[in-house]
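Undergrad: Could you have a look at this structure, given as structure tokens, before my questions?
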């Protein structure tokens, strides 16, 4: 029997980057309102300060702070009201000593004013005069010019994935478009004579297909554009046709199942034959995930990835390779990790990196404990019962009870 000659995860990643000889970092400019989930390809800088005018944070009276000194509940200061400023309109009159102007929240301060007294601390004496019962320092209740963002300051750095807050920041700085990385197009294929799509009749010895919908959703979460999914029986000609189709319009073709050394595991042979230069990794020193295949076809600029058939292993490998590659490609920050203390001892697989799926529990003092979710990689409970995973590096014997670990969330 032909055995897999495994690479470490780091070796496989290095080979993958070495074999990508084309431009995989293409960009495009799109409207801001359509940019949710996309990743900025360059820094976005402010073309003007924000705000560009002195702005009130409260409803109140714009004053010279010096005029309010000594004011209190029993001894108010009386100021003449010279103007009522409307939101979105500039002030027309300048505040001088002994005068003030009404200004709403978000309104522009008039020239001469350097503070705002809240209406709660003022009382109208008549329509043209107010009593002020609070002394305020200069700058009170005022947003300074450029206090949020200075002109030329980086609003959002390259590698930022755009969500509601970031899109709001772009719009707030007058940006109507953004330059982002083009999403990689992905074809997802699942192989196996035993697979049945959800909703179909489940015959004896058949199982419902988990990998296709799970990998499809993970691909979307990563930031890929899924152009095609297909469940294929273990027939070489059908798999070959599906891979060829994927190579024509996809940047990545992921095939789950058929990657080990069974009689019907033909994925590696097909990928090596269809792609040039072909397969460069067949086997990872990783648990779960040993039967993993990596290949590229440089003429069509396509990455080919063979994943294990077991759902937990397939998803884990896709995270460790495809998600990692997307972060490298776009410069996104590493995934968020939570510190936790191991609930029990966990042995590692000799000669391999070991990924242990864990359930997180938070104690009253806010600390987390990580409880291993035990089960074979083909069982659904290892997927649904896990919050994340801990990676035990090759050469480490395992994890001990109470040991501090970093859990990467799913």
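Throughout, read-outs are computed from the coordinates displayed, never taken from laboratory work. No experiment lies behind these values; they were computed from the predicted model shown. With ideal geometry, Cβ positions are generated from the backbone for all residues, glycine too; neighbour counts draw on all protein chains shown.
Undergrad: Expressed in whole Å with the largest first, what are the equivalent ellipsoid semi-axes of the range 93-219 derived from the C-alpha gyration tensor as the square root of 5 times each eigenvalue? Can you show the working numbers first?
TA: Details: eigenvalues 796, 81, 22 Å².
For the range 93-219, the semi-axes come out at 63, 20, 10 Å.
Undergrad: Right, next: State the Kirkwood hydrodynamic radius of the range 35-164 in Å, one decimal place, computed from all pairs of distinct Cα atoms. Working shown, then result.
TA: Numbers: mean 1/r = 0.0622 Å⁻¹.
This gives a value of 16.1 Å.
Undergrad: Got a sec? How would 22, 324 order by Cβ neighbour count within 10 Å, fewest to most?
TA: 22, 324
Undergrad: How much FRET efficiency would the formula 1/(1 + (r/R0)^6) give for residue 200 and residue 269, where r is the Cβ-Cβ distance and R0 is 41 Å, rounded to 0.05? All intermediate terms of the calculation are to be shown ahead of the outcome.
TA: Working: r = 29 Å, r/R0 = 0.71.
Rounded to the nearest 0.05, the efficiency is 0.90.
Undergrad: Compute the long axis of helix 9-19 from its Cα atoms, compare it with the longest principal axis of the Cα atoms of the chain, and write down the angle in degrees, 0 to 90, nearest 10.
TA: It is inclined by approximately 90 degrees.
Undergrad: Rounded to two decimal places and with Rh computed the Kirkwood way over Cα pairs, what is Rg over Rh for the range 194-316?
TA: Working: Rg = 14.0 Å, Rh = 14.8 Å.
Reported Rg/Rh, Kirkwood definition of Rh: 0.95.
Undergrad: P(r) for the chain: what percent of alpha-carbon pairs falls in each 20 Å bin, starting at zero?
TA: Result returned by the calculation: 22, 37, 22, 17, 3.
Undergrad: Mind running the shape call on the range 262-410? Use the C-alpha gyration tensor, a ≥ b ≥ c as the square roots of the eigenvalues: rounded below 1.5 for a/c, prolate if a/b tops b/c, oblate otherwise. Walk me through the intermediate numbers first.
TA: Working: a/c = 2.46, a/b = 1.86, b/c = 1.32.
In terms of gyration-tensor shape, prolate.
Undergrad: Can you give me the distance in nm between label points at residue 75 and residue 165, each placed 7 Å from the Cα along the Cα-to-Cβ direction?
TA: Distance between the two pseudo-spin positions: 4.6 nm.
Undergrad: Taking every pair of distinct Cα atoms and averaging 1/r, then inverting, what Kirkwood hydrodynamic radius in Å comes out for the range 1-81?
TA: Values: mean 1/r = 0.0473 Å⁻¹.
Final number for the Kirkwood radius of the range 1-81 is 21.1 Å.
Undergrad: Specify the residue with the greatest mean-square fluctuation among 32, 95, 186, computed from a Gaussian network of the chain linking alpha-carbon atoms under 10 Å apart.
TA: 95
Undergrad: Let me ask something additional. D for the range 337-409, whole µm²/s, Stokes-Einstein with Kirkwood Rh over alpha-carbon pairs at 4 °C and 1.567 mPa s: what number? Mind showing how you got there, number by number?
TA: Values: Rh = 12.3 Å.
Using the Kirkwood radius from Cα pairs, D works out to 105 µm²/s.
Undergrad: Something else now. Determine, for each peptide in 61-74, 107-120, the mean count of other beta carbons within 10 angstrom over its residues, then list the peptides with the highest first.
TA: 107-120, 61-74
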